[in-house]
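The block underneath contains the structure these notes are about, expressed in structure tokens.
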Amino acid sequence: MRSWNVADAAETLAKVVELALTSGPQRVVSRERRAVVMLDEREYQRLTGRVPAGAVRGFSGKELFDIMQNSPIAAAIRDGDLPEDFLERSEKVSRDCECCAGRTEGVRNVDAAD
């Protein structure tokens, strides 16, 4: 792994990024001798097991369906630990609480069947 001081890395940021993408992680060291490592995002994901939020948009309908069917909530519903209607959407406009009292009077629930 190549090391860079912050000033050199800043001057040649494009080169440091390109090397991180093609040659592996690049270490950048501050004056205080604290360091960060720049690496390809796919390598970061592999190391941490994290998937970026935008990646979900790339799933096909079948993949998303499979993920949902194999989720812990789906398993709990199948096992009888949660009621079958656990994920059903409520027909209520809002929950009944003192803070919302009076706010929903005259409001029509557009999701309710007419």
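Quick look at the numbers
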| item | result |
| --- | --- |
| Cross-chain or 6+ apart pairs with Cβ under 8 Å, the range 1-25 first and more than 19 Å from Tyr44 (Cα to Cα), then assigned to a helix (DSSP H, G or I) | Trp4/Val16; Ala9/Val16 |
| Options Glu18, Glu43; residue that is at pLDDT 90 or above, within 27 Å of the chain's Cα centre (by Cα) and assigned to a helix (DSSP H, G or I) | Glu18 |
| Checking Ala74 against (1) modelled with pLDDT of 60 or more; (2) open to solvent by 80 Å² or more (accessible area, probe 1.4 Å), the condition it does not meet | (2) |
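The values are calculated or read from the model by the stated rules, or taken from the named source; none is laboratory data. Remember, predicted model here, so these are calculated numbers, not experimental data. Neighbour counts are summed over all protein chains in view; Cβ atoms, including those assigned to glycine, are modelled from backbone coordinates with ideal geometry. SASA here: full protein model, heavy atoms, side chains in, ligands and nucleic acids out. Shrake-Rupley method; radii C 1.70, N 1.55, O 1.52, S 1.80 Å.
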